[in-house]
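Asker: The structure that follows is given in the form of structure tokens.
The values are calculated or read from the model by the stated rules, or taken from the named source; none is laboratory data. What you see is a predicted model, and the numbers here were worked out from it, not measured in a lab. All Cβ positions, glycine included, derive from the backbone under ideal geometry; neighbour counts span all protein chains shown. Ligands, DNA and RNA are stripped out before the accessible areas are found, and what is left, the full protein with its side chains, is counted by its heavy atoms. Shrake-Rupley method; radii C 1.70, N 1.55, O 1.52, S 1.80 Å.
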Amino acid sequence: MKFIIINGPNLNLLGKREPKIYGSETFEDYFNTLKNKYQQHQLDYYQSNVEGELINKLHEVGFDYDGIILNAGAYTHTSVAIGDAIKGIQTPVIEVHISNTFSREDFRHVSYISPNAKGVILGFGMQGYDLALKSFMTD
């Protein structure tokens with residue numbers, strides 16, 4: 001099976017950015033752990049701080065992959081366009097957030113992705129990505 005993790009803005013700073021919220025591990029280190037754990041599957045990773053690039057990547061992979069794990073970061077709460085992109089593709093998307101967005105600022109309680117996602121995982125740290133992968137494999 002073929003899966004991709006797509007991370008949005010500021011997630012390239014994991015390991016450095018607000019470690020009390022996001023932890024001290026870089027995403028690249030965690031991604032290597034996932035690749036080792038799921039060697040029998042193709043696991044790809046993409047990160048961009050640019051909304052249009054995230055949409056282009058969703059369009060590119062949204063018909064060929066078995067699953068997309070999307071952490072759109074702050075775009076979750078602002079981007080109608082990313083929500084629309086998910087509606088327009090065939091590959092199921094699971095929305096993941098490292099923090100529990102409902103325990104944070106009020107604006108983080110709204111998601112333009114959730115209504116179009118297969119499911120939502122939040123508040124489990126980096127383990128949320130692993131949980132999303134497992135959910136695809138049990139379908």
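Asker: Mind checking whether some residue in the range 42-55 is out of contact with any Asp or Glu (no Cβ under 6 Å at 6 or more places or on another chain), hydroxyl-bearing (Ser, Thr, Tyr) and in contact (Cβ under 8 Å) with a residue 60 or more places away in the chain?
Answerer: No, the range 42-55 contains no residue that is out of contact with any Asp or Glu (no Cβ under 6 Å at 6 or more places or on another chain), hydroxyl-bearing (Ser, Thr, Tyr) and in contact (Cβ under 8 Å) with a residue 60 or more places away in the chain.
Asker: What number of residues within the range 64-73 are open to solvent by 50 Å² or more (accessible area, probe 1.4 Å) and over 21 Å from Lys134 (Cβ atoms)?
Answerer: Going through the range 64-73, the residues open to solvent by 50 Å² or more (accessible area, probe 1.4 Å) turn out to be 64, 66.
Pick out the ones that are also over 21 Å from Lys134 (Cβ atoms) and you get 64.
So the answer is 1.
Asker: Tally time: how many residues in the range 64-79 are touching a Ser or Thr at 6+ places or on another chain (Cβ under 6 Å) and not in a helix (DSSP H, G or I)? First the steps, then the outcome.
Answerer: Of all residues in the range 64-79, those touching a Ser or Thr at 6+ places or on another chain (Cβ under 6 Å) come to 65, 68, 76.
Pick out the ones that are also not in a helix (DSSP H, G or I) and you get 65, 68.
Of the residues in that region, 2 qualify.
Asker: Which of the residues spanning the range 90-105 are open to solvent by 70 Å² or more (accessible area, probe 1.4 Å) and farther than 22 Å from Asp66 by Cβ?
Answerer: Scanning the range 90-105 gives Phe102, Ser103, Glu105.
Asker: Considering only residues that are assigned to a helix (DSSP H, G or I) and touching a strand residue (DSSP E or B) at 6+ places or on another chain (Cβ under 9 Å), which ones fall in the range 80-108?
Answerer: Ile82, Ile86, Thr101, Phe102, Arg108
Asker: Within the range 109-120, is even one residue in a helix (DSSP H, G or I) and under 24 Å from Leu14 (Cα atoms)?
Answerer: yes
Asker: So for the range 68-79 (the condition being modelled with pLDDT of 95 or more, touching a Leu at 6+ places or on another chain (Cβ under 6 Å) and among the aliphatic types (A, V, I, L, M)), does at least one residue qualify?
Answerer: There is no residue in the range 68-79 that is modelled with pLDDT of 95 or more, touching a Leu at 6+ places or on another chain (Cβ under 6 Å) and among the aliphatic types (A, V, I, L, M).
Asker: Out of everything in the range 106-129 that is touching an Asp or Glu at 6+ places or on another chain (Cβ under 7 Å) and farther than 23 Å from Asn32 by Cβ, what residue ends up being surrounded by the most Cβ atoms within 10 Å (Cβ to Cβ)? Spell out how you get there, then give the answer.
Answerer: Taking the range 106-129 and keeping what is touching an Asp or Glu at 6+ places or on another chain (Cβ under 7 Å), we get 111, 113-114, 117, 120, 126.
Cutting the leftovers down to farther than 23 Å from Asn32 by Cβ gives us 111, 113-114, 117, 120.
Numbers: Ser111: 19, Ile113: 23, Ser114: 14, Ala117: 18, Val120: 16.
Top of the filtered list is Ile113.
Asker: Is it true that Lys87 is of a type in the set (Lys, Arg), surrounded by 16 or more Cβ atoms within 10 Å (Cβ to Cβ) and without any contact (Cβ under 8 Å) to a residue 60 or more places away in the chain?
Answerer: For Lys87, the condition - of a type in the set (Lys, Arg), surrounded by 16 or more Cβ atoms within 10 Å (Cβ to Cβ) and without any contact (Cβ under 8 Å) to a residue 60 or more places away in the chain - is not met.
Asker: Can you name the residue in the range 7-63 that is open to solvent by less than 20 Å² (accessible area, probe 1.4 Å) and in a loop (DSSP other than H, G, I, E, B) and is also modelled with the lowest pLDDT among such residues?
Answerer: Leu14
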